[in-house]
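Here it is, the structure in full.
The values are calculated or read from the model by the stated rules, or taken from the named source; none is laboratory data. Only a predicted model underlies this, so the values are computations on that prediction, with no experimental measurement involved. Backbone-built Cβ (ideal geometry, glycine too); neighbour counts: all protein chains shown. Side chains are part of the model used for accessible areas, which takes the heavy atoms of the whole protein and leaves out ligands, DNA and RNA. Shrake-Rupley method; radii C 1.70, N 1.55, O 1.52, S 1.80 Å.
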Amino acid sequence: MAYNYRFAILLTFLFVTVGFSAAALVEEQPLVLKYHNGVLLKGNITVNLVWYGKFTPIQRSVIVDFIRSLNSKDAAPSSSGAAPSVASWWKTTEKYKGGSSTLVVGKQLLLENYHLGKLLKNPYLRALSTKLNGGLRSITVVLTAKDVTVEGFCMNRCGTHGSSGSKSRRAANGAAYVWVGNSESLCPGYCAWPFHQPIYGPQTPPLVSPNGDVGVDGMIINLATLLANTVTNPFKNGYYQGPPTAPLEAVSACTGIFGSGSYPGYAGRVLVDKTTGSSYNARGLAGRKYLLPAMWDPQTSTCKTLV
């Protein structure tokens, strides 16, 4: 069973469209992700990458550098006032039971000939995830290019995570996978917000993407979300709130929040590069900048932002 998370964005924008008047009538419930006593992905985890369709070398390097940045040594904010590191964002996952999850980039497979076509059904995602058999303690990430349509893509999801194998074998095999699509040509207002005007809600000006590629910077937001969701709820029995078939997980519980002061339709206060005008809140390896979503903090039961 795979999980989607961007449906929460739709609900958020619909809430804004209807108005805030009803909010005063309902007491806000605390955000608590319950631990369901299942296996989490902790320790050293290999991340294998399947590139389906055509990605430029620069696009691939932006994404690979992001994954490598998650566990870089530079985890503390700079005293010079520079942005927090990507690794400091990822360290929040250590607060979930079991300690740290150290992600290491493993094998990569380029499938540029679209051998399954450009319209992929859900079973194809799981099939693609088995192209690189990572075995125990691995996550296979399937990334689809901007000209590839996936079932449900742009309608109710921008990515998903799940596990291969039978239910009895999943926890033993650790066969977790993630899929993220490039929405540049299909629905940037849905899957690459806030780098594009939203499909729903207030039409606020979009932010400038930090790597100059709306599709890829949108993929980073969704990939960050799904990697955190995967290590904390890989087999439907980890941390989540709500029904297991449509859970709110570590980052999907905080959808639409990127900086302090955020509210539906407004990403919050983030950092702006003085030279390029791009928005970001985290720095990574090779001098790259990224915009990362808030993550639920088990110690405070709040959505934690970097800035």
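Go through segment 109-151 and give me each residue that's under 16 Å from N222 (Cβ atoms) and surrounded by fewer than 15 Cβ atoms within 10 Å (Cβ to Cβ).
None - no residue of segment 109-151 is under 16 Å from N222 (Cβ atoms) and surrounded by fewer than 15 Cβ atoms within 10 Å (Cβ to Cβ), so the list stays empty.
Which residues, taken from segment 189-222, are assigned to a loop (DSSP other than H, G, I, E, B), at pLDDT 95 or above and surrounded by 18 or more Cβ atoms within 10 Å (Cβ to Cβ)?
To start, the set of residues in segment 189-222 that are assigned to a loop (DSSP other than H, G, I, E, B) comprises 192-207, 209-213.
Those still in the list that are at pLDDT 95 or above too: 192-196, 206-207, 209-213.
The answer is A192, W193, P194, F195, H196, P206, L207, S209, P210, N211, D213.
For segment 88-108, indicate whether the set of residues that are open to solvent by 80 Å² or more (accessible area, probe 1.4 Å), in a loop (DSSP other than H, G, I, E, B) and at pLDDT 95 or above is non-empty.
Yes: segment 88-108 contains one or more residues that are open to solvent by 80 Å² or more (accessible area, probe 1.4 Å), in a loop (DSSP other than H, G, I, E, B) and at pLDDT 95 or above.
Can you tell me which of (1) out of contact with any Cys (no Cβ under 6 Å at 6 or more places or on another chain); (2) open to solvent by 30 Å² or more (accessible area, probe 1.4 Å); (3) of a type in the set (A, V, I, L, M, F, W, C) is the one I257 doesn't meet?
(1)
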